[in-house]
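Each value in this text was obtained by applying a stated rule to the coordinates, not by laboratory testing. The structure displayed is predicted, hence computed values, not measured ones. Neighbour counts run over all protein chains shown; Cβ positions are idealised from the backbone, glycine included.
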Amino acid sequence: MPAFPNPFQGKNEHKLTKEELIQAVRLDIAGELEAIYLYDAHVRATDNEVAKKIIADIRDEEKAHVGELMTLLKLLDPEEAELFASGEAEVHEMLSELGITASAENPSDSASEPATVGSMIDKA
Ligand SMILES: [Fe+2]
């Protein structure tokens with residue numbers, strides 16, 4: 001949902017401190033995630049194939065923006081980047097304990113091949 005509570009927000013002459021910039025990037029990430037959620041809801045809510053294709057493409061561009069902003073956040077705050085990496089490592093460790101490879105590519109239903117995150121999620 002658009003939220004423009006402060007009409008002067010875009011005209012602020014104040015230059016952000018590093019901490020304010022980090023907070024702004026976090027807010028920007030939240031905005032991108034909200035946009036993804038809304039675009040996806042609109043894709044699911046229509047049978048118009050042209051609209052579905054265009055809105056889904058925009059939704060996916062927002063996902064790329066999340067990646068860009070997350071990369072910027074990690075550059076601005078290396079300590080937070082270490083915490084993100086720690087959380088990622090914990091998940092990979094849990095997946096390893098479950099015998100699941102971390103790759104979401106090439107999901108397979110074959111019992112002879114190792115399970116992947118993609119194949120496990122598809123079965124859920
Ligand atoms: Fe975006």
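With +1 on the Cβ of every Lys and Arg and -1 on the Cβ of every Asp and Glu, and nothing else charged, how large is the dipole of the stretch 16-76 about its Cα centre, in debye rounded to the nearest 20?
120 debye
Suppose a student asked you for the relative contact order of the stretch 16-76, using Cα pairs under 8 Å spaced at least 6 residues apart; what percent would you report?
Taking the mean separation of contacting Cα pairs over the length of the stretch 16-76, I get 45 percent.
Can you check what the net charge comes to around Leu83, using other residues whose Cβ is under 14 Å from the Cβ of Leu83 (Lys, Arg +1; Asp, Glu -1)?
-4
At a Cα cut-off below 19 Å, give the lysines reachable from Lys52, other chains included and same-chain residues fewer than 8 away excluded.
Those lysines meeting the cut-off are Lys63.
Kirkwood hydrodynamic radius of the stretch 16-76 from all distinct Cα pairs, in Å?
So the Kirkwood estimate lands at 12.5 Å.
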